[in-house]
Amino acid sequence: MAAAFAGSAARETENLRPPEAVHLTQNGTRQNDRPRHAQSQTSLRSQSQIASVPSHTGQPHAEVAEELAWGPAHPCFPHINPHVPIGSREHMTTRVIRIRRDWMIKGDLAPTFSNLYPEILDPLLSEQEFRRVISTVNDGIVKAFDPFSLRNWFDGALGLLTGWVWDDLNAPATKSQLQNVEAWLETWNREVGAKDGVHIWSLRRTAYMSLDIQIPDPKVGIVPSEAPSAPNTRPSTGIGAGS
């Protein structure tokens, strides 16, 4: 039994990989176990303002946005339309591009949205028009939720004194300003988006967590993110499956 245990230990030792080059000094000895400092990744906002659909060849690109894994978190990913009835024609022929919240603009003071342009919207919605929409929506929401606004202070004090009856009457400026943003989106859908089948859904439907842009189904398929692993090995490693 001891011989069997020794043989098993020897096989496990053979399967161990040697230290990587970054852990060895020039003479082949191992470095001291000191923490290595790596430069943090630069923000996507400062390097790229356009997100593209990954290439079907799987080849790497220089764009920072291309480094994002293709999936629901990718800015260009076409989501199933949740705003229409299942089985309807719109559910089968349309998709939703979700513009996520941008917490770097106002933090948690106002629900603002990212101006990273999803290239999948081209040519239905140009980059210039997309940025105009995002800027208008963000400015309106920031104005509505500005905690330092004199009108918001007045509305808060009057709501407290009236037992929030002031709020029930929809008198605060916050509610009227948000209604103005919704009205602007409806006008844009009717006058601009309808020409190319683009529709921006009400922010109330998404609880201000995303800006959903409905477009005709772009028919984007699954894009392989990496080459397949070698036979009898674990994914993304060179270790044998039986080790």
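Figures for the structure shown
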quantity	calculated
ALA207-HIS79 pseudo-label distance in nm [points 7 Å out on the Cα-to-Cβ vector]	1.2
Average accessible surface area per residue within the range 78-216, 1.4 Å rolling probe, Å²	57
Sequence-distant lysines (8 or more away, or on other chains) whose Cα lies within less than 24 Å of LYS106	LYS143, LYS175
LEU68 long-range amide H proximity, modeled H, under 5 Å	none
Estimated vicinal HN-Hα couplings, Hz - the range 81-98 in sequence order (Karplus 6.51, -1.76, 1.60; Gly, Pro = x)	6, x, 8, 10, x, 5, x, 6, 5, 5, 5, 8, 10, 10, 9, 10, 9, 9
Estimated Rh, the range 78-216: Kirkwood, alpha-carbon pairs, angstrom	16.4
Proximal charge balance of SER149 [Cβ under 10 Å; K/R count +1, D/E count -1]	0
Distance (nanometres) between label positions extended 7 Å along Cα→Cβ at TRP184 and ASN170	1.9
Within the accessible area of the range 78-216 (1.4 Å probe), percent carbon and sulfur	59
Amide H contacts of THR94 (H built 1.01 Å from N, under 5 Å, at least 5 apart or other chain)	ASP217
Theoretical gain in end-to-end length, THR162 to SER88 [0.36 nm per residue, Cα-Cα removed]	22.0 nm
Residues of the range 122-162 with amide N under 20 Å of a point placed 7 Å along Cα→Cβ from ASP108	141-149
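The values are calculated or read from the model by the stated rules, or taken from the named source; none is laboratory data. Just so we're clear, the structure is a prediction, and the values are computed from it rather than from any experiment. Heads up, the Cβs are rebuilt from the backbone with ideal geometry, glycines too, and the neighbour counts pull from every protein chain shown. Ligands, DNA and RNA are stripped out before the accessible areas are found, and what is left, the full protein with its side chains, is counted by its heavy atoms. Shrake-Rupley method; radii C 1.70, N 1.55, O 1.52, S 1.80 Å.
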